[in-house]
1. Hey, can you tell me all the residues within segment 103-129 that are part of a strand (DSSP E or B) and open to solvent by 50 Å² or more (accessible area, probe 1.4 Å)?
2. Which of the residues spanning segment 183-202 are under 14 Å from the mean Cα position of the chain (by Cα) and open to solvent by 20 Å² or more (accessible area, probe 1.4 Å)?
3. Go through TYR142, TYR172 for me and flag whichever is of a type in the set (Ser, Thr, Tyr), at negative phi and in contact with a His (Cβ under 9 Å, 6 or more places away or on another chain).
4. Looking at (1) open to solvent by 30 Å² or more (accessible area, probe 1.4 Å); (2) at pLDDT 90 or above; (3) aromatic (Phe, Trp, Tyr), which one does TYR163 not meet, given that it meets all the others?
5. Take segment 145-165 and flag every residue that is free of Cβ contacts under 8 Å to residues at least 60 places away in the same chain, of a type outside the set (Lys, Arg) and not in a loop (DSSP other than H, G, I, E, B).
6. Pull up segment 8-39, narrow it to residues that are buried (at least 18 other Cβ atoms within 10 Å of the Cβ) and more than 21 Å from VAL60 (Cβ to Cβ), then point me to the one that is farthest from the chain's Cα centre (by Cα).
7. When residues of segment 43-65 are filtered for being touching a helix residue (DSSP H, G or I) at 6+ places or on another chain (Cβ under 6 Å) and of a type in the set (D, E, K, R), how many remain?
8. Which is under 26 Å from THR95 (Cβ atoms), part of a loop (DSSP other than H, G, I, E, B) and of a type in the set (A, V, I, L, M), of ILE137, ILE195?
Amino acid sequence: MKPVYISIADDLVYKINEGFYSEGDMLPPEVALCEIYNVSRMTLRKSLALLMEQDLLVRVKGSGTYVKKNKSAIHGAAELTGFQQEIKQQGKEVTTKVITFEVIHPDAVAGERLSLAPTDQVFHIERIRYINNEPEIFERTYMPVNMFSDLTVEIMSGSKYSYVRSKGMHIYGNKQIVSVELADKKLSKMLDVKINHPLLKVISIGEYEEGKAFEYSINIFRLNQYSFEFYAR
């Protein structure tokens with residue numbers, strides 16, 4: 001059975017997809033939503049925080065919570081090179097700390113991005129990626145259990161893309177949605193930055209065939225030792 005806050009998030013996603021809430025609409029006040037779902041404000045805020053992380057909602061201080069307008073830049077990665085390989089090629093040391101590794105049922109957004117049913121299972125993994133012992137990326141990843149049944153903490157402490165390729169899978173492409181994120185208390189601690197420090201959020205969907213995803217990730221970059229280059233042809 002799903003936690004209550006995920007069920008609420010799923011219902012809000014359903015209402016957004018069905019047009020009950022449109023892009024730019026303000027959601028009802030938190031007090032009203034608590035009454036609608038019969039939950040505490042703490043539980044409701046976990047639901048809203050999940051959808052803000054998924055880039056579906058945005059909170060405007062002093063105003064309210066809104067359905068986010070689709071203004072993010074979407075691009076295909078020019079080169080499908082994993083983070084670890086890319087940084088090592090630059091002569092820097094890469095280390096990874098896995099802080100969450102569990103099997104769960106996907107929330108509505110992860111299920112949609114991975115084309116999974118609510119009853120399917122996914123690995124939910126949180127990692128911190130370090131460059132020369134300094135935290136650079138906080139990553140939350142979802143991968144289908146039925147595709148990667150032998151996935152372990154040890155594997156995720158290394159290169160995810162190398163593991164996928166070792167299973168004989170061709171990485172067709174990687175869709176990315178780029179936006180700005182302000183550090184909350186959790187990200188402040190994970191990436192060693194001040195609260196409200198601007199960070200780069202990259203939502204990534206890795207595909208093994210066109211339209212068929214093998215992973216869905218939310219990456220938060222500190223950008224102290226890392227930068228992006230974009231190519232247009």
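The values are calculated or read from the model by the stated rules, or taken from the named source; none is laboratory data. Keep in mind that this is a model prediction, so the values were computed, not measured. All Cβ positions, even for glycine, are placed from backbone atoms using ideal geometry, and neighbour counts span all protein chains on display. Ligands, DNA and RNA are stripped out before the accessible areas are found, and what is left, the full protein with its side chains, is counted by its heavy atoms. Shrake-Rupley method; radii C 1.70, N 1.55, O 1.52, S 1.80 Å.
1. Residue satisfying the conditions is VAL103 alone.
2. Selection gives LEU200 alone.
3. Residue meeting the stated conditions: TYR142.
4. (1)
5. Selection gives VAL153, GLU154, ILE155, TYR163, VAL164.
6. VAL39
7. 1
8. ILE195
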